[in-house]
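All remarks here apply to the structure that follows.
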Amino acid sequence: MKIAISSTGKNLTDNVSEVFASCPYFIVAEIENKKIQKVETIENKIANQLGQAGISVVRLMAVKVVITKNVGPRALDVLNQFNIGIYAGDGMIEKVLQEFIDGKLKKMN
């Protein structure tokens, strides 16, 4: 399963971003057998786009789950259209990923 986490930086030791579509980076993690198998960092070049950044970001990634603190209404609509699960996460990304794996994160949609 591929998961995208809105991030303040490029590493698992950075924090979940306050925002989804305009965060500076996304950490994309592949989870298999309840373990993090692969991690990729994507710079969010759409972050400063005026309007519809959420739609553009969702189209950028092929993921099943998004972890973030906040999602704007347009991005929320698009994520729901693509049946992408949205979970609320806060703190260091590595810790939040483990909480997701352990089933401890709250679903937002």
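The values are calculated or read from the model by the stated rules, or taken from the named source; none is laboratory data. Only a predicted model underlies this, so the values are computations on that prediction, with no experimental measurement involved. Cβ atoms come from the backbone with ideal geometry, glycine included; neighbour counts cover every protein chain shown.
In region 11-51, how many residues are surrounded by 14 or more Cβ atoms within 10 Å (Cβ to Cβ), among the charged types (D, E, K, R) and more than 23 Å from residue 83 (Cα to Cα)? Residues flagged as surrounded by 14 or more Cβ atoms within 10 Å (Cβ to Cβ), among the charged types (D, E, K, R) and more than 23 Å from residue 83 (Cα to Cα) within region 11-51 amount to 1.
What number of residues in region 68-94 are touching a Leu at 6+ places or on another chain (Cβ under 9 Å) and outside any loop (DSSP other than H, G, I, E, B)? I'd like the intermediate steps shown before the answer.
Going through region 68-94, the residues touching a Leu at 6+ places or on another chain (Cβ under 9 Å) turn out to be 71, 85-89, 92-94.
Subsequent filtering for residues that are outside any loop (DSSP other than H, G, I, E, B) retains 85-88, 92-94.
Count: 7.
Residue-wise test of (1) closer than 21 Å to residue 98 by Cβ; (2) in contact with a helix residue (DSSP H, G or I) (Cβ under 7 Å, 6 or more places away or on another chain); (3) at pLDDT 90 or above.
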| site | (1), (2), (3) |
| --- | --- |
| 1 | yes, no, yes |
| 8 | yes, no, yes |
| 13 | yes, yes, yes |
| 30 | yes, no, yes |
| 35 | yes, no, yes |
| 53 | no, no, no |
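All told, residue 63 falls short of being modelled with pLDDT of 85 or more, of a type in the set (A, V, I, L, M, F, W, C) and not in a loop (DSSP other than H, G, I, E, B).
Which one of these is surrounded by fewer than 15 Cβ atoms within 10 Å (Cβ to Cβ) and in contact (Cβ under 8 Å) with a residue 12 or more places away in the chain: 91, 85? Exactly one residue qualifies, and that residue is 91.
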